[in-house]
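Just below is one structure, and these are the notes that go with it.
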Amino acid sequence: MSERVPLVRLDGVGKNYGNIIALRDVSLEVHAGEVACVLGDNGAGKSTLIKIIAGLHRHDTGTYEVQGEPVVFESPRDALDRGIATVYQDLAVVPLMPVWRNFFLGSEKRKAWGMLDVDFMRRTTKAELLRMGIDLRDVDQPIGTLSGGERQCVAIARAVYFGAKVLILDEPTAALGVKQAGVVLRYIVQARERGLGVVFITHNPHHAYPVGDRFLILNRGRVLGYHTKDEITREDLTSLMAGGAELQQLAHELESTSRTVAEELTE
Amino acid sequence: MGQAVADPSPKVAGGDERLAQRSLARRLLSRPELGALLGAVVVFVFFSVVADAFLRAESFSTVLYAASTFGIMAVGVSLLMIGGEFDLSAGVMVTTSALVAALVSYQLTLNLWVGVAISFVVTLALGFLNGLLYVKTGLPSFIITLATFFMLAGANLGVTKAVTGNVASDSVRDMDGFSSARAVFASQLDIGGVSVNITVFWWLLLVAVATWILLRTRIGNWIFAVGGAPASARAVGVPVDRTKIGLFMGVAFCAWLSGMHLVFAFATVQSGEGVGNEFFYIICAVIGGCLLTGGYGSAVGAAIGAFIFGMTNKGIVYAEWNPDWFKFFLGAMLLLATVVNLVVRRRMEQSR
Ligand SMILES: Nc1ncnc2c1ncn2[C@@H]1O[C@H](COP(=O)(O)OP(=O)(O)OP(=O)(O)O)[C@@H](O)[C@H]1O
Ligand SMILES: [Mg+2]
């Protein structure tokens with residue numbers, strides 16, 4: 001496995017926002033046909049990491065290679081041109097624009113004379129969303145009028161549609177119901193089977209473990225652990241992520257407070 | 001349906017039972033131009049009643065001419081506003097453009113067409129500069145163009161006085177190329193016995209082209225996106241900076257066309273002109289349904305806004321009122337139009 005050139009390789013990457021150190025010395029490999037999961041608490045630097053991969057931010061230290069070639073992306077366009085598509089946590093949609101225009105924004109399909117191929121784009125948007133189990137009333141409605149989950153699905157469907165080689169998903173299951181979350185996880189597996197490299201960011205180890213091949217756990221901008229699936233169990237992953245001892249203490253505290261509350265109520 | 005975009009063929013969504021058949025009224029309600037259209041009808045009826053001369057064909061031609069001189073600029077300004085920016089230098093840039101053509105041709109005794117071409121390059125460069133300053137500094141376009149507004153206003157007067165010793169440029173009426181350039185920029189065309197200024201046709205052409213760009217090209221998609229959510233647009237690969245610079249240059253192009261009309265309609269250019277006009281352009285765009293915050297609006301709406309502007313401007317004259325009242329009316333209309341737009345948009349959002 002290590003013989004193959006990874007689609008995306010980060011080595012010792014760091015990023016500062018002014019004097020805030022958001023990431024320090026992070027390494028990650030994403031291979032074709034594999035899912036790399038990035039886990040961590042709020043503010044751990046997960047979004048920062050994928051924004052570097054997606055070309056939205058430039059890394060300050062370390063190297064970033066795409067298919068063995070060091071790159072410094074000027075803009076997300078450069079990353080897209082290399083087949084790296086991203087679903088951002090804030091979804092990167094323009095609320096006032098129709099769903100189909102959002103779907104194709106930045107990668108518009110054109111006919112002769114630079115004319116937009118509106119029919120094709122409407123049809124494709126409708127069909128791709130249907131494949132995700134979203135039966136949209138009207139692809140001409142402003143995307144701002146969709147529910148959070150529906151918007152999430154549009155963003156995912158868009159990235160899947162345009163992600164030629166690498167698909168990055170920043171907490172795609174966070175806003176979703178159980179059924180839609182299942183659909184997204186199945187999408188991730190499908191993408192892996194089609195030979196794409198997937199970077200999957202989540203808070204939820206139960207979503208990450210079944211689909212992931214590698215797990216990068218971040219904490220306050222540093223690497224807490226980087227494991228392949230055969231090195232780590234689901235339980236290890238869960239406790240590593242939440243800081244197992246802390247969680248047990250929290251459980252204790254919650255138990256005792258709920259007991260006192262219960263006592264107060266019975267008085 | 002998308003307020004940002006027309007939907008000429010809503011057949012795709014046809015088969016869905018949750019989508020109640022959208023009535024024509026509902027579809028109209030969701031158009032950004034609706035408020036302006038209603039306003040135009042009201043203003044038209046009003047002046048038809050109070051001013052007998054208003055309904056004559058020649059009067060209508062005069063109204064259209066007034067509308068076109070502001071409407072041409074409103075095209076560029078409305079696209080820029082949809083793209084989320086303002087250009088306060090637009091008014092004086094028209095004068096700058098006219099002065100460049102007139103002064104350069106006269107001083108160097110060039111064919112006027114050469115002056116026209118030089119003015120084209122200079123004016124577009126000014127638009128580019130506005131855009132570049134905005135993109136490079138990240139300051140609000142309001143501030144950037146306020147600065148260029150004052151600089152251009154000062155330079156217009158300063159350079160003209162230094163060159164001619166006067167506040168106006170020397171007349172270019174007798175110079176080579178005047179008559180042919182006048183035919184293009186400032187002639188009267190005879191339409192069914194009524195003489196109509198050529199600027200009216202330039203205006204309508206610009207509106208058509210701008211509408212096509214907005215609704216049927218990739219650039220149009222980008223314009224709505226950079227106005228509506230620039231960070232999102234950038235994240236999905238839209239060249240935000242280039243789009244914004246292009247929009248400032250679009251305003252400059254309109255300023256050039258308007259400037260050339262000034263030169264060839266009057267032969268001399270008053271260097272103090274144009275100050276304050278930038279607000280009229282913005283008013284046309286806002287009455288036409290462009291959102292001040294960007295991401296929403298249409299070129300057709302801005303054209304209707306300019307038409308209202310022209311009707312009010314000339315209607316007051318035909319009604320034989322004191323023209324001082326024009327600005328009062330304009331302000332009242334702006335207030336009314338923005339309130340109507342607000343109500344319409346709320347209704348539309350609720351109707352989903
Ligand atoms: N544009 C920015 N400017 C300054 N600081 C930032 C910026 N973006 C992120 N940060 C900081 O960097 C750190 C990492 O943020 P990041 O968004 O990468 O976290 P995250 O792991 O994605 O968190 P979450 O799970 O809440 O999405 C945080 O402390 C955050 O405050
Ligand atoms: Mg995040």
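Condition check ((1) within 14 Å of chain B (Cβ to nearest Cβ); (2) closer than 18 Å to A:L167 by Cβ) across all residues:
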residue	(1), (2)
A:V8	no, yes
A:I21	no, no
A:C37	no, yes
A:I53	yes, yes
A:L56	yes, yes
A:Q67	no, yes
List pairs: first residue in the range A:167-186 and within 12 Å of A:T202 (Cα to Cα) and open to solvent by 20 Å² or more (accessible area, probe 1.4 Å), second residue more than 16 Å from ligand 1 (Cβ to nearest atom) and among the aliphatic types (A, V, I, L, M) anywhere in the structure, Cβ distance under 6 angstrom, at least six positions apart or on different chains. A:L185/A:V211
Listed by range, helices (runs of 4 or more DSSP H) wholly within the range B:150-244 having at least 3 residues that are closer than 30 Å to A:R110 by Cα are B:198-216, B:218-228, B:230-235
In the set A:R101, A:R122, A:R131, A:R137, which member is within 7 Å of chain B (Cβ to nearest Cβ), more than 16 Å from ligand 1 (Cβ to nearest atom) and surrounded by fewer than 19 Cβ atoms within 10 Å (Cβ to Cβ)? A:R137
Considering only residues of the range B:218-264 that are in contact (Cβ under 8 Å) with a residue 60 or more places away in the chain and more than 22 Å from B:V207 (Cα to Cα), which is nearest to the other protein chains (Cβ to nearest Cβ)? B:A229
Output the number of the condition that A:G33 fails; it satisfies all remaining conditions of (1) touching a residue at least 60 places away in the same chain (Cβ under 8 Å); (2) more than 22 Å from A:F162 (Cα to Cα); (3) away from ligand 1 (no atom under 15 Å from the Cβ); (4) not aliphatic (A, V, I, L, M). (2)
Sole residue being open to solvent by 40 Å² or more (accessible area, probe 1.4 Å), more than 16 Å from ligand 2 (Cβ to nearest atom), under 26 Å from A:V211 (Cβ atoms) and acidic (D, E), chosen from A:E34, A:E74, A:E69, A:E29: A:E29
Between B:F253, B:F279, B:F266, which is at pLDDT below 95, open to solvent by 10 Å² or more (accessible area, probe 1.4 Å) and not small (G, A, S)? B:F279
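The values are calculated or read from the model by the stated rules, or taken from the named source; none is laboratory data. Quick caveat, the model's predicted, so the values are computed rather than measured. Because the Cβ atoms are built from the backbone with ideal geometry, glycine has one as well, and the counts that use them run over all protein chains shown. We work out accessible area using only protein heavy atoms, side chains counted, and drop any ligands, DNA or RNA first. Shrake-Rupley method; radii C 1.70, N 1.55, O 1.52, S 1.80 Å.
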